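The numbers here are math on the coordinates, done by the rules we state, and not lab data. Remember, it's a predicted structure, so these values are computed and weren't measured experimentally. Neighbour counts are summed over all protein chains in view; Cβ atoms, including those assigned to glycine, are modelled from backbone coordinates with ideal geometry.
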């Protein structure tokens, strides 16, 4: 009798554990909620500092101002305008979707649309590609599997879906349980060789977790780029008019 | 597919172990594969060398065995020299392995050489031993006498030959230096083994029955040597006269000698490297790079880029040079894609805006450094021969000196008075026309146009620069204003009706001559509703419109210039879209605000007094790439040839003089060699066989080997004189005693070199053929010219004159 009770109790326990065990999809969903969903800021404005370090150790510093609008269940919008160095001040970059990216060159006073194949190119000589800088979101393009879990983080394996127009065949993602944002990502190329490693430091601003520092290392080239954010302002009710070509042409203040 | 191998590793091993297997795994079923580049060429050189070795060694061994048997008619006569050679060759290749030396295109010559030459010492030792066969002395005593008598000339012969090879240390090319040292080592090994192993072998084995051994009286060589000896004795002066005649006839050919140092030319025509070269030449402009290296303060500046572009356009104009490109090309192409003009922007910030797009691209890393201080202008060469490369190198040197020796000055035209602007523009027109003519030459495949007339036309055009009221400018301004004002992203969000009104007001003002920003400001303020009017935005709109008007004028100028000159361009050039694109870009630069001119072009402009432009200087501008490399290699070849020849001659002369105890005899001993060299080099000149890194070895090797015959002959005369013979008798007897060995020796060497005619590499074939001829001449002249000279001059030889 005791044995039966024990067995039944154990079965119920195991069943509950398996019902409540989180899946990779669920973790990814949480990540996306933090990044572009309900738990992400509705909008954000920040100053970004991009430090590009070449394989030989030389440094280039770029400063830009960025505005982001989180459109739930749609592509989020971003505008970036360069503040320094002086020769690229007011160069602007507008992203409305993966297929709609615009560049403003102040010296020529023209806006040009960037072709989608350019997305894989390096953004401003950094280790981030245009694609990396574009709209966030993974579940649309990647299958996901939870491969490991401990008390601090989940480890996900993302595999590119067939015909998904993304540069990484596979991404290994360490998700912090505290922030539900990626703390680290390893990106693999089409030959399944490690290509880039991204490490994020996230901090809480109000109710939101926000990556305020991202280190992207290109393992093949042995170069890395650090993106730091400061003066972060969230939920300011940024209007649609900011995410237009008209605004893109505006001189940054 | 272009593959770049990281520095630090072994590129040949990388090609062999990684690239080739990977490429063939994925592509061999679908496409024809051709490999081009240094690592693959070196790999295939290795493959061809190994094939050559596998083929040539058995043949040379067989040939030598036949020669030895023909000469000695004895199994031991074949066995011992063969063993000497086998051991010496094994020692040399073992040494190569111990020192980790890789095979290269001259390696196949090494065993062939050693087999042919190494047998010589064994032949002379054996020859001497056989002469002692009939003697009544004990075997040991006979061997001692034979060895004692032959040791000096054999050592001298070996040392002089080794010195001949060692003189390659002056060659300046590692593979030749290495070849020389290894061959020299092989000769010394053969020498040591011949003098120890052969006598020791005969000490153990019986000397042989008398009847089986031929002495010199009955050998069929004697049937040739006897009459020859008689002729030379009787007609010494005639012999010398004919020798001199032939010598001078060939000497005339020496100035005709050509040189070929491009290793690509050495490969067989059907080999991978040559086939790949043909493919790359036909479809990709060529395999060999020609680059111009620039080192400055900031390559990303408009001035620097225009100068790079100028160098690039010059490269295009050279026949045989194609696909010139530089970072300037990237900027121009970016400008064309974004702004429909193929030119370098007139400001550094304009360049920076375009550079933004390109930053981080892998292609940039190949032509500009991260710190933006160094850059390359790249091009490809379609021909591979040394003569072409040297001509290119010369042309480039002249161009670089002419263009870049004094530095440049840049001016911002907007800041200059009108008179000076006109003067500078006139100079700029002449300067830009150089680039136009280079482009015409490139796209017209060498054609030209009337540059003088073009200058007159352009100079008259710049007298009346486009104005807003000109119809062509008007049309352009209208389009620009429409595209801007009616676009969805016009700075003010106003209705279509308001846009229409605004447009009409602005366009009317723009067509007047004094279209200025303050007038636009005024119109905007009057037209834009106050609720949305913003001073800062209005300023921006005004600046944009002024900018568009400027652009329109410049575009119009460039088009006017092109149309005005179109009819003087060659037909096929006119039809070329790329030429038009580039020409329009250059004409645009005449109209824009940046002028860059070399300092020497400014000297004739009086209006420049007191006005200082900004100097643009480069710390270094130099050419590199294959022409520079091959010119250097060619120079090395030239110098190496002389140095090794002189060194070999001097050392041989010293050794001969020391051995004979007479400077006169030392000089006489060299004459067969000098005769041989004159004939051989004259032959190269007359037949067009180029001097290359294989044939350059002929002189030193000929001296080193050819002197052996003189050594043996003079030594033989000395020995016979010491026995109390007269000079004439001593010379005649030496013919009969040493002649057979000299002939056998030379036959073995000749046959060995002739085997190289079967090599797949042309330099080895040339080398083998000419060396065979050289050895024949050296032996022949040692048996004709040398004895004739000895009989005429009667130098002190041995104990008696």
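Figures for the structure shown
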quantity	calculated
Label-point gap, in nm, between residue B:66 and residue B:230 - each point 7 angstrom along Cα→Cβ	3.2
Separation in nanometres of the label points that stand 7 Å from Cα toward Cβ, at residue B:361 and residue A:21	5.0
Residue B:278 versus residue B:518: modelled label distance in nm, points set 7 Å from Cα along the beta carbon direction	7.5
Whole-angstrom gap from the stretch B:763-781 to the stretch A:201-244, using each part's C-alpha centre	78
Residue with peak Gaussian network fluctuation, chain A [Cα springs, cutoff 10 Å], from A:98, A:150, A:165	A:150
Value of relative contact order over chain B, rounded to a whole percent, pairs C-alpha under 8 Å and six or more apart	22
Stretch gain in nm, segment residue B:242-residue B:792, where the contour uses 0.36 nm per residue and the Cα spacing is subtracted	196.5 nm
Protection proxy ranking of B:447-453, B:344-350, B:642-648 - average other beta-carbon atoms within 10 Å, highest first	B:344-350, B:642-648, B:447-453
Relative contact order of the stretch A:23-248, defined on C-alpha pairs under 8 angstrom at six or more residues apart (%)	22
Averaged over A:108-114, number of beta-carbon atoms from partner chains that fall within 10 Å	5
Convex hull (Cα only) mean projected area of chain A, reported in nm² to one decimal	16.6
The protein assembly as shown: projected area of the alpha-carbon convex hull, averaged over directions, in nm²	65.0
Paramagnetic reach from residue B:530 in the stretch B:465-505 [backbone N under 17 Å; point 7 Å along Cα→Cβ]	none
Calculated FRET efficiency for the pair residue B:100/residue B:726, C-beta based, R₀ 41 Å, to 0.05	0.10
Extended-chain gain in nm, criterion 0.36 nm per residue less alpha-carbon gap, residue A:252 and residue A:140	36.9 nm
Cα centroid separation, the stretch B:166-205 to the stretch B:624-658 (Å)	21
Length-normalised contact order for the stretch B:723-784 - Cα pairs under 8 Å, 6+ apart - percent	32
In range of the label at residue A:201: residues from the stretch A:22-49 whose backbone nitrogen is under 17 Å from the point 7 Å along Cα→Cβ	A:47-49
Gain in span if fully extended, residue A:63 to residue A:230, counting 0.36 nm per residue against the direct Cα distance	59.0 nm
Counting all C-alpha pairs of chain B, share separated by more than 43 Å (%)	50
Between 0 and 90°, nearest 10: helix B:626-660 axis offset from chain B longest Cα axis	20
Inter-chain shielding of A:241-251 (mean C-beta neighbours from other protein chains, 10 Å cut-off)	3
Residue list for the stretch B:499-525, given a label point 7 angstrom along the Cα-to-Cβ vector of residue B:486 and an amide N cut-off under 13 Å	B:499-504
Residue B:508-residue B:397 FRET efficiency (beta carbon distance; Förster radius 56 Å; 0.05 resolution)	0.45
Residue-averaged beta-carbon neighbours from other chains (10 angstrom radius) around B:359-365	5
Acute angle (nearest 10 degrees) that the helix B:236-251 long axis makes with the longest principal axis of chain B, alpha-carbon atoms	10
Highest to lowest packing among B:60-69, B:319-328, scored as the average C-beta count within 10 Å	B:319-328, B:60-69
Cα long-axis angle, helix B:222-234 against chain B (0 to 90 degrees, to the nearest 10)	80
Longest to shortest principal axis, alpha-carbon extents of the stretch B:486-621, angstrom	58, 45, 31
Using a Förster distance of 56 Å, the FRET efficiency for residue B:430-residue A:38 (Cβ separation, nearest 0.05)	0.25
